[in-house]
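Take a look at the structure set out below.
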Amino acid sequence: MSLETELAQGLDAMGLALDEAARRRLVAHVELVARWNRVHNLTAVRDPSQMIVLHVLDSLSLLPHLAHARRILDVGTGGGFPGVPIAIARPELEVTLLDSSHKKCSFLEQARTELALTNVGVTCERVEACRSGQSFDAIVSRAFAELADFVSQAQHLAAPGARFLAMKGVHPFEEIARVPATHRVAEVIELRVPGLDAKRHLVVMQAA
């Protein structure tokens, strides 16, 4: 099965309607990750077909929970997940990709250029040291850190009323118990990703 077909089937199963140009960009992103991965180890997933499910569709499962957002910060983005698929699917959003690895940021700059992602910015910095001058109404992370560390390190970048959205595997009961009193867990949502058997949860947090 081609990457295009696998992506199309996954999008249909998720009820996501993306135009042909967006689908081509999503596949091109995966192909670019696969090429760089041979040298730079952007992700432990080597098979582009698996990347469609484990990275692209997984990232896009966040879309229904970003309806309130206009400016998004993706903390610890790595190869651009979930930020790049979100930016491709929703070009009206402003997406900043943040990572402390220079090799990963070099890749992200290349991806931004090759995929013509005019709504994407790249910042190479540790989140706690980031002083971008911007504030964000949605701060997202995918397997970045414990919930407590995520909110404490990124809270200075949050606009008033911002939501922190942390993508996790199994329901993180113990991590939730350690969320500092400065923030509250608004909801925990089970995510459905076509072709993925593993548990996926989204933890939504806000300032208390």
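Taken over region 15-27, the criterion of being part of a helix (DSSP H, G or I) and buried (at least 16 other Cβ atoms within 10 Å of the Cβ) is satisfied by Ala22, Arg23, Arg25, Leu26, Val27. Scanning region 169-185 for residues being under 22 Å from Ser59 (Cβ atoms) and either of a type in the set (Ser, Thr, Tyr) or not in a strand (DSSP E or B) (or both) gives a total of 5.
In summary, Leu97 fulfils each of the numbered conditions (1) buried (at least 24 other Cβ atoms within 10 Å of the Cβ); (2) modelled with pLDDT under 95; (3) of a type outside the set (Phe, Trp, Tyr); (4) under 30 Å from Ala159 (Cα atoms) with the single exception of condition (2). Tallying residues that are among the charged types (D, E, K, R) and either closer than 23 Å to His68 by Cα or in contact with an Asp or Glu (Cβ under 6 Å, 6 or more places away or on another chain) (or both) within region 155-208 yields 8. Evaluating Ala166 against the criteria (1) surrounded by 18 or more Cβ atoms within 10 Å (Cβ to Cβ); (2) in a strand (DSSP E or B); (3) in contact (Cβ under 8 Å) with a residue 40 or more places away in the chain; (4) in contact with a Phe, Trp or Tyr (Cβ under 9 Å, 6 or more places away or on another chain) leaves one unmet condition, (3). Taking the conditions (1) surrounded by fewer than 19 Cβ atoms within 10 Å (Cβ to Cβ); (2) under 29 Å from Arg192 (Cα atoms) in turn, Gly133 satisfies each one other than (2).
Quick one: Gly80 ticks every box in (1) surrounded by 22 or more Cβ atoms within 10 Å (Cβ to Cβ); (2) part of a loop (DSSP other than H, G, I, E, B); (3) in contact with an Asp or Glu (Cβ under 7 Å, 6 or more places away or on another chain) except a single one, so which number is it? It is condition (3) that Gly80 fails.
In region 79-108, of all residues being touching a residue at least 60 places away in the same chain (Cβ under 8 Å) and within 13 Å of the chain's Cα centre (by Cα), the one that is nearest to Val45 (Cα to Cα) corresponds to Phe81. Applying the selection to region 108-129, what residues are in contact with a strand residue (DSSP E or B) (Cβ under 9 Å, 6 or more places away or on another chain) and either at pLDDT below 95 or in a helix (DSSP H, G or I) (or both)? Scanning region 108-129 gives Leu108, Glu109, Ala111, Arg112, Val127.
When residues in region 154-163 are screened for being assigned to a helix (DSSP H, G or I) and either closer than 30 Å to Ala13 by Cα or touching a Phe, Trp or Tyr at 6+ places or on another chain (Cβ under 9 Å) (or both), 3 of them pass.
For Ser49, the stated conditions hold: it is at pLDDT below 95, in a helix (DSSP H, G or I) and either within 22 Å of Ala143 (Cβ to Cβ) or of a type in the set (Phe, Trp, Tyr) (or both).
The values are calculated or read from the model by the stated rules, or taken from the named source; none is laboratory data. All values derive from a computational prediction rather than experimental measurement. Every residue, glycine among them, receives a Cβ derived from its backbone with ideal geometry; neighbour counts consider all protein chains shown.
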